[in-house]
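First the structure, in the form of structure tokens, and then the observations on it.
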Amino acid sequence: MARLRRMTSHPSVTDRLARLAPDQRAAATAPPGPILCVAPAGSGKTTTLVARVAWLIGGGVAPDTIAAITFNRRAAEELQERVATALAPLDVPARAVRVRTFHALGLEILRSTGMRVELVDRAAVLAELAPALEPATIARLDTAFSRLKLDLRARVDEVAADPAAGPLARAWVAYERALAERGALDFDDLVRRALDALERSPSLLARWRASCGHLLVDEAQDLDRSQLDLALLLAAPANRIFLVGDDDQSSYGSLPKGMRTPSIPSGASPPHHSRCASQSRSRRRAESSRHRGVPARSSAPRHCQGTTARCLRRWSIPLTHPHRPANGC
């Protein structure tokens, strides 16, 4: 760590850090390890992340061992531009640091195994399998299938073998089998299959851990369970992971539970928590009220503490009544 601090003398890095607020600078220069930086909108979370990238490289970290991951393509493009601007004075090529969305990273991992990836649109497949479905029902199935695939990481063979599986579970099995017959993947598979591949292959995992020796994740409040699992898997065992986000901005109500208490292997350093700016209690209460009742994608509902099949039955949606709440049949 002392070596990193001694080497951050490049004028551009020094100037960038000097422009940060004290709490931002503390987060950007925190010792490498599991770090969660929580701050409200407009507080400079991404600015802090970019400063950390510059600080790491200024301290001697190889750019090709740094990966910055964000939620969507637009955010990734913006982050790439900002990282390129920060690296230009260091004579580091603009794309030396890997800046990706989680889906683009998953695609890259799958292609590195030699897999030929053919993507299909889920809504189009559902419309083909069941032409009578209304758009609203397709939208609900789309959301439910993502939760089954990414949050519960359900297995088709297990669900298909469950005689008590509900309509939604059966619809998901039919959809997954249609994908298998076509040799195709959907958008969620880019993350799910990449995570499965890394868990199966120690050599593949070692290669990608080397490429993500320092992993930075922007807009972390919007991660689903599989994206968070992928990030934590790649960051282990050194756990040099830097997450920035705002639980009051979360699309799902709050930061994922696994992010608030990172799943760090025993013996590793505890996570360092940093708040880049204070946040008023009244705003937090207002935001909390606005999101109340929205289930978090990061974990199964409270009633889904048993087997995957039991969760699927509780999440069953009668397809003939798209606006009627499920009764858990």
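Laboratory data are not the source of any read-out in this text; all were calculated from the coordinates shown. Not measured: the values here are computed from a predicted model. For neighbour counting, all protein chains shown are included, and Cβ atoms are generated from backbone atoms with ideal geometry for every residue, glycine included.
Miscellaneous remarks
- Distance histogram in 10 Å bins (all Cα pairs of segment 11-120, percent per bin): 13, 42, 32, 10, 3
- Computed from label points 7 Å out along Cα-Cβ, the spacing between residue 160 and residue 74 is 3.9 nm.
- Neighbourhood charge, 13 Å Cβ-Cβ cut-off, centred on residue 196 and excluding it, Lys, Arg +1 and Asp, Glu -1: +2
- Local charge for residue 187 was computed over the other residues whose Cβ lies under 9 Å away, with Lys and Arg +1 and Asp and Glu -1, and equals -3.
- Per-selection Rg to Rh, segment 50-183 - Cα, Kirkwood hydrodynamic radius: 1.13
- Theoretical FRET efficiency, 1/(1+(r/R0)^6), r = Cβ-Cβ of residue 139 and residue 95, R0 41 Å, to 0.05: 0.70
- Distances between every pair of Cα atoms in segment 66-105, grouped in 5 Å steps from 0 to the bin holding the largest one, split as 6, 29, 33, 20, 9, 3, 0 percent.
- Reciprocal mean inverse distance between Cα atoms of segment 113-209 - Kirkwood radius, Å: 14.6 Å
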